[in-house]
Amino acid sequence: MAQAGVLNRLIEELMRLPGIGQKTAQRLAFFLLKMDDSEARGIARAIVDLKEKSRFCSVCNNITEAEICEICSDPMRDRKKILVIEEPSNLLAIEKTKEYKGLYHVLIGALSPLDGIGPKDIKIEGLMQRLSNGHGVEEVIIATNPTIEGEATAIYLSRLIKSAGIKATRIAYGVPVGSDLEYADEVTLIKSLEGRRDI
Amino acid sequence: MFLKELSLRNFRNYIELSICFNKGINIFIGENAQGKTNLLEAIHFIHSLQSFRTQEEKSLISISFKDALLSAEAERGGSIINVSALLDDKGKRVKLNGKKIGKTSEFLSRLFAITFSPDDLFLIKDLPSERRRYFDRAILPHSPSYLKTSARYDSILEHRNRLLKDIRDAKKGADTAALTPWNEQLIEEGTRILLKRHQFVEQIKPFLEKFFQSISKSSKRPILIYETQLLPPLRDEEALSGVNMADEIKGIFRLSLSEKSREELRYGHTLVGPHRDDFQFLIDDQKAKTTASQGQHRMIILSLKLSEAALYKEAFSEYPVLLLDDVFSELDEIRAEALIEQIFDMDIEQVFITAAKKESVPFSNKRCSFYLIKEGTVRPY
């Protein structure tokens with residue numbers, strides 16, 4: 001079936017999104033076609049607004065509409081702790097727990113020589129400034145991903161942070177809570193054995 | 001463990017085959033290019049989910065057919081195991097007792113084959129990378145995490161090599177401080193690999209000596225050595241003690257990285273680590289590579305295979321199936337007899353051997369089942 005030019009264009013554009021292939025893109029496009037005019041415009045506007053109004057927080061690089069994000073400007077937050085993650089989406093995951101009350105720092109990436117990403121290409125300098133300016137930070141919790149790139153980033157950061165005279169900690173490797181040990185993969189089990197603690 | 005039934009469809013030159021096997025020694029007799037090795041390859045495949053001849057699994061499918069199917073019924077520790085593998089242009093789909101399996105490593109503790117192929121004789125003279133590949137694969141059933149550790153090590157190595165090149169070429173942002181996290185991880189994962197290889201070689205050693213002496217009917221001492229700069233000198237009692245050894249290796253690893261750091265920056269390449277190591281066979285302290293005869297090479301490799309089988313038995317309390325391709329050529333009558341005697345002596349549950357002629361098999365009339373292979377058909381002989 002020959003499709004109208006605009007429809008084809010939308011399908012092509014939707015296929016740029018992660019996890020969206022030809023079939024899903026078609027389904028979404030036809031769905032949008034059938035939608036109420038106002039609803040479809042709502043989606044379009046939300047995308048435009050996202051690009052026009054959102055930016056990185058000038059302190060922690062979280063996504064925000066203001067100069068400084070809600071978390072950084074919240075007076076109730078514990079300013080003695082900074083938790084470091086790779087991506088803003090990691091921040092959402094930790095916020096969902098409602099347990100962590102400190103501040104964040106988003107690196108927007110991890111060290112990866114193969115992709116040409118070195119220490120200057122991720123937001124390490126900003127983090128070090130936050131530690132040096134007498135803001136009273138006492139602990140930096142490094143929660144980069146347990147990949148070799150995330151691990152390299154953690155090792156690199158820990159040295160810098162310690163040499164600034166601040167405590168650096170790394171989140172633990174472990175077996176997923178509430179699941180059966182037999183379903184954990186061998187490497188995870190070995191790491192969690194090595195990281196065992198007294199009880 | 002032993003293989004009771006094997007069915008093949010469109011596998012190499014077997015368009016349709018269904019056959020039952022006995023415990024003990026099974027011998028495939030046939031002229032050249034009739035399908036002896038193909039049959040051995042099928043048996044190997046059903047036990048290890050890979051070919052010992054090719055990485056290109058599509059070439060296992062008979063010419064002008066779309067897919068191949070292998071299925072088998074085996075017995076292990078009194079329980080029946082059904083395996084099937086379907087090969088087509090999308091790859092292979094394996095079922096174990098009717099259920100799809102994901103990881104090969106899970107499979108290797110259920111069914112396993114040790115195979116001698118004349119190609120293995122290159123092992124002694126081949127490049128170090130081939131020997132590393134061989135032993136890494138041999139370690140696998142004994143350490144399910146080894147594959148992932150090796151994969152992690154390889155990625156770390158790639159990142160580190162790129163970084164070394166970038167530093168050498170003075171690319172922006174690349175400085176020696178950026179190397180530290182890659183050094184740490186190289187040491188961490190590299191040490192795991194070193195320890196596993198060391199332990200494996202130490203466990204193989206006594207078996208290798210015993211089997212070599214029995215097959216070669218000599219008192220010469222063969223030794224397998226793991227050649228690396230990163231192991232501490234051996235002290236007998238603590239040779240295998242885990243944690244301390246790991247710490248010692250890490251210390252040596254760190255030291256040699258710093259010693260070689262200038263050279264590494266010049267070459268833009270990682271010069272220290274298990275990816276540079278090698279394995280060496282000695283006979284009476286002489287390098288087998290340069291001094292041993294063809295026959296001795298063959299007996300070393302055969303002893304290595306028997307040692308691997310014995311080690312598997314220690315770990316899993318059952319012998320794997322033993323496959324010997326064209327094992328009697330180049331062995332004189334006395335050694336061929338000694339080999340068969342050793343296999344009987346070990347009491348391996350099931351062995352498959354290929355040979356060109358019935359007369360070349362010693363002990364022909366003893367507890368062996370013979371099969372005649374002709375143009376892709378198999379019948380008792």
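Computed from the coordinates by the stated procedures, all read-outs in this text should not be read as laboratory data. Because the structure is a prediction, the values reported are computed rather than measured. FYI the Cβ positions are ideal-geometry reconstructions off the backbone, even for glycines, and counts take in every protein chain you see.
I need the per residue convex hull volume for the range B:264-381, using only the alpha carbons, in cubic angstrom as a whole number.
Each residue corresponds to 203 Å³ of Cα convex hull volume.
At a Förster distance of 56 Å, what's the computed FRET efficiency of B:Ser256 paired with A:Asp37, Cβ-Cβ distance as r, to 0.05?
Rounded to the nearest 0.05, the efficiency is 0.20.
Work out from phi, with θ = phi - 60° and the Karplus expression 6.51 cos²θ - 1.76 cosθ + 1.60, the ³J(HN,Hα) of each residue of the range B:23-37, listed in order in whole Hz, and give x for Gly and Pro.
So the J values, rounded to whole Hz, are 5, x, 8, 10, 10, 9, 9, x, 6, 4, 6, 9, x, 5, 5.
Other chains' Cβ within 10 Å of B:158-165 residues: what's the mean?
Per residue, the number of nearby Cβ atoms from other chains is 4 on average.
List every residue whose amide H lies under 5 Å from the amide H of B:Glu330, counting only residues 5 or more places away in sequence or on a different chain, with H placed 1.01 Å from N in the peptide plane.
none
Take chain A, connect every pair of alpha-carbon atoms lying under 10 Å apart with a spring to form a Gaussian network, then pick out the residue of A:Ala184, A:Ala143, A:Ala152 with the largest mean-square fluctuation.
Comparing A:Ala184, A:Ala143, A:Ala152 in a Gaussian network model of chain A, the most mobile one is A:Ala184.
How large is the dipole of the range A:2-53 about the Cα centre if only Lys and Arg carry +1 and Asp and Glu carry -1, each at its Cβ, rounded to the nearest 20 debye?
140
Any idea what the dipole of the protein assembly as shown comes to, in debye rounded to 20, about its Cα centre with Lys/Arg Cβ at +1 and Asp/Glu Cβ at -1?
680
Quick one: what are the phi-derived ³J(HN,Hα) couplings along the range B:91-96, Karplus 6.51/-1.76/1.60 with θ = phi - 60°, whole Hz, x for glycine and proline?
With the stated coefficients, the range B:91-96 comes to x, 10, 10, 10, 10, 10 Hz.
Report the residue, chosen from B:Glu314, B:Glu189, B:Glu341, that carries the largest GNM mean-square fluctuation when chain B is represented by alpha-carbon nodes joined by springs under 10 Å.
With Cα springs under 10 Å in chain B, the top fluctuation among B:Glu314, B:Glu189, B:Glu341 is at B:Glu314.
Decide, for the range A:76-170, between rounded, prolate and oblate: order the square roots of the alpha carbon gyration tensor eigenvalues as a ≥ b ≥ c, take rounded if a/c falls under 1.5, and otherwise choose prolate if a/b is larger than b/c, else oblate.
oblate
Calculate I(q)/I(0) for the range B:130-279 by the Debye formula, one identical point scatterer on each C-alpha and no solvent, and give its log10 at q = 0.14 Å⁻¹ to two decimals.
-0.74
Under 5 Å between amide H atoms, partner at least 5 residues away or on a different chain: which partners does A:Ala168 have, H built in plane at 1.01 Å?
A:Val140
Give the residue from B:Leu157, B:Asn244, B:Pro222 lying farthest towards the positive end of the charge dipole for the range B:130-279; charges sit on Cβ (+1 for Lys and Arg, -1 for Asp and Glu) and the dipole is referred to the Cα centre.
Towards the positive end, the residue furthest out is B:Pro222.
Diagonalise the Cα gyration tensor of chain B and give the resulting equivalent ellipsoid semi-axes, square root of 5 times each eigenvalue, largest first, whole Å.
40, 26, 19
With point charges of +1 on the Cβ of Lys and Arg and -1 on the Cβ of Asp and Glu, referenced to the Cα centre of chain A, which listed residue (A:Asn61, A:His135, A:Ala154) lies farthest in the positive direction of the dipole?
A:His135
Return one number: the angle in degrees, 0 to 90 and rounded to the nearest 10, between the long axis of the Cα atoms of helix B:146-168 and the longest principal axis of the Cα atoms of chain B.
Taking the Cα atoms of chain B, the angle to B:146-168 is about 40 degrees.
Over the Cα atoms of the protein assembly as shown, what Rg and Dmax result, in angstrom?
30.1, 92
Give the order of B:His269, B:His47 when sorted by the count of other beta carbons within 10 angstrom, beginning with the fewest.
Ranked by crowding around the Cβ, least crowded first: B:His269, B:His47.
State the volume of the convex hull built on the alpha-carbon positions of the range B:178-233, expressed per residue in Å³ and rounded to an integer.
Value for the range B:178-233: 84 Å³ per residue.
5 Å is the cut-off here: which amide hydrogens, built 1.01 Å from N in the peptide plane, fall below it relative to A:Val84, excluding neighbours closer than 5 in sequence?
Those lying under 5 Å, H to H, from A:Val84 are A:His105, A:Ile141, A:Ile142, A:Ala143.
Would you mind ranking B:Phe122, B:Phe45, B:Phe316 so that the residue whose beta carbon has the fewest other beta carbons within 10 Å leads the list?
Listing B:Phe122, B:Phe45, B:Phe316 from fewest to most nearby Cβ atoms yields B:Phe122, B:Phe316, B:Phe45.
Evaluate the distance, in nm, between pseudo-label points positioned 7 Å from the Cα of A:Glu139 and of B:Glu263 along their respective Cα→Cβ axes.
4.5
Pick out which of B:Phe28, B:Phe107, B:Phe65 has the largest mean-square fluctuation in a Gaussian network model of chain B, springs linking Cα atoms closer than 10 Å.
B:Phe65
So what's the projected area for the range B:106-194, the Cα convex hull averaged over all directions, in nm²?
With the hull built on Cα positions only, its mean projection is 7.8 nm².
From the convex hull of the Cα coordinates of the range A:2-53, what is the mean projected area in square nanometres?
Mean projected area for the range A:2-53: 4.1 nm², to one decimal.
On full extension of the chain, what length is gained from A:Lys80 through A:Ala44, given 0.36 nm per residue of separation minus the C-alpha to C-alpha distance?
Between A:Lys80 and A:Ala44, full extension yields an extra 8.9 nm.
What Kirkwood radius, in Å to one decimal, follows from the Cα pairs of the range A:1-139?
18.2
Taking 31 Å as the cut-off for C-alpha to C-alpha distance, list the pairs among A:Lys120/B:Lys260; B:Lys23/B:Lys148; B:Lys99/B:Lys357; B:Lys103/B:Lys171; A:Lys167/B:Lys250; A:Lys101/A:Lys191 that go past it.
B:Lys23/B:Lys148; B:Lys99/B:Lys357; B:Lys103/B:Lys171
Apply the Karplus parameterisation 6.51 cos²θ - 1.76 cosθ + 1.60, with θ equal to phi minus 60°, to every residue of the range B:49-57 and state each ³J(HN,Hα) to the nearest whole Hz, in sequence, with x for glycine and proline.
Each residue of the range B:49-57 in turn: 6, 8, 8, 8, 10, 8, 8, 7, 6 Hz.
Pairing the Cα long axis of helix B:242-259 with the longest principal axis of chain B, what angle in degrees results, from 0 to 90 and rounded to the nearest 10?
It works out to around 60 degrees.
Do the sum for chain B: with -39,500 (n - 2.57) for every DSSP H run of n ≥ 4, divided by all residues, what is the mean residue ellipticity at 222 nm, to the nearest 500 deg cm²/dmol?
-13500 deg cm²/dmol
Stokes-Einstein at 25 °C, 0.890 mPa s, Kirkwood radius from Cα pairs: D for the range B:1-144 in µm² s⁻¹?
152
Taking the Cα-to-Cβ direction at A:Val177 and at B:Asp278 and moving 7 Å from each Cα, how far apart do the two end points lie in nm?
A separation of 5.3 nm, rounded to one decimal place.
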